[in-house]
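The block underneath contains the structure these notes are about, expressed in structure tokens.
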Amino acid sequence: MQPLKSTTLYHMSETAFEISVVICSYNRADYIINAVESLYQQTLAKNRFEVFVVDNNSIDNTGDLVQDFMSAHPDFHLHYLTEQQQGSSFARNTGASFAKAPLLCFMDDDATAEPDYLERIVQFFAKHPDATGLGGRIIPRYIPAEPKWMSYHVSSLVGNFDYSPTVAIFKPGKYPLESNMVVRKVDFDEIGGFNTELPGVKGTLRIGGEGKDFFLRLQARGCKIYYDPAIVVHHVVEVKKLTPHYLYRVASGIGRGERVRMLEKGKGALAKKFVEYIYKLGGSMVLGALYAAKGKPAQSWPVVKFRIDALKGLMGW
């Protein structure tokens, strides 16, 4: 089936949605329908939200599966788009450009939402008119099981996220993770969406930090970004995401993204970030030693390796 640029478009006079969900997808035929189905099963009435799947050059049958789901569920405001510029920042911006609702929600193609996910988001913004953005909890779903070497300090690399046990405003420099984030569309448009110099995954290279950059720009404008632990998605962590190669890509991608951000400010900013990364590397060595002292040697080295790989990315190695 030939991919379409857009399908099932509509006029705002016909329906006014409260929230638009954007899912960027790249070769996720194994999981994309689980993500879409979790949104179809939401407690929020279907006439109150829309969903966009943005296919970012998949070479599997992701597009066929999504369009088949659309045909089988005519009561669902699901749309299939394509974006040929590689990278999640490009794809998210494309999805947002089609969205008509005042709230923009971004979810990953290998995540599933709790049934009350969208209803809680809509209610949250109704109760918190001062909120510009919102993040929620991300629970990893390890396939087949969580490895023994995994620890809290490394699990963020595979999407684990739980900022606070209660509703809280993110402190300056803290922000939601990309697979569970929401923003008012007016603010998204005002800051120009995601920085495409930080595209995320691009071919075999990862230049991350697009979510961080996005929310730091909002915070710099004085915007309030909230966290609500009751707004939950489950994020698949496959075996291939637990290999040294994959974790290196993610960790070095974080450093690569910081390199891009710092060089936009000047070489002095990059030098300061280098000092910060060296300090964090030292801290990770202490932490690794503590894990070893507690009889958890398997969790020791990955903590240190994370910081080494991030430093390599920062230095452009």
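Quick notes on this structure:
- Against the numbered list (1) farther than 21 Å from Val201 by Cβ; (2) assigned to a loop (DSSP other than H, G, I, E, B); (3) modelled with pLDDT of 95 or more, Asp60 comes up short only at (1).
- Lone qualifier among Ala298, Ala292 - being without any contact (Cβ under 8 Å) to a residue 60 or more places away in the chain and either surrounded by 12 or more Cβ atoms within 10 Å (Cβ to Cβ) or of a type in the set (Ser, Thr, Tyr) (or both): Ala292
- Test: residue in the stretch 226-240 that is under 24 Å from Ser284 (Cα atoms), crowded, with 17+ Cβ neighbours inside 10 Å and of a type outside the set (Lys, Arg): yes
- Val182 passes every criterion in (1) over 29 Å from Lys265 (Cα atoms); (2) modelled with pLDDT of 95 or more; (3) in contact with a strand residue (DSSP E or B) (Cβ under 7 Å, 6 or more places away or on another chain) apart from (1).
- Selection status of Val66, assigned to a helix (DSSP H, G or I) and either modelled with pLDDT of 95 or more or not assigned by TED's automatic domain parsing to the domain that holds Glu178 (or both): yes
- The condition (being within 26 Å of Phe215 (Cβ to Cβ) and assigned to a loop (DSSP other than H, G, I, E, B)) is satisfied by just one residue among Arg92, Arg28, Arg120: Arg28.
The values are calculated or read from the model by the stated rules, or taken from the named source; none is laboratory data. In this text the structure is predicted, and so the values were computed from the model without any measurement. For neighbour counting, all protein chains shown are included, and Cβ atoms are generated from backbone atoms with ideal geometry for every residue, glycine included.
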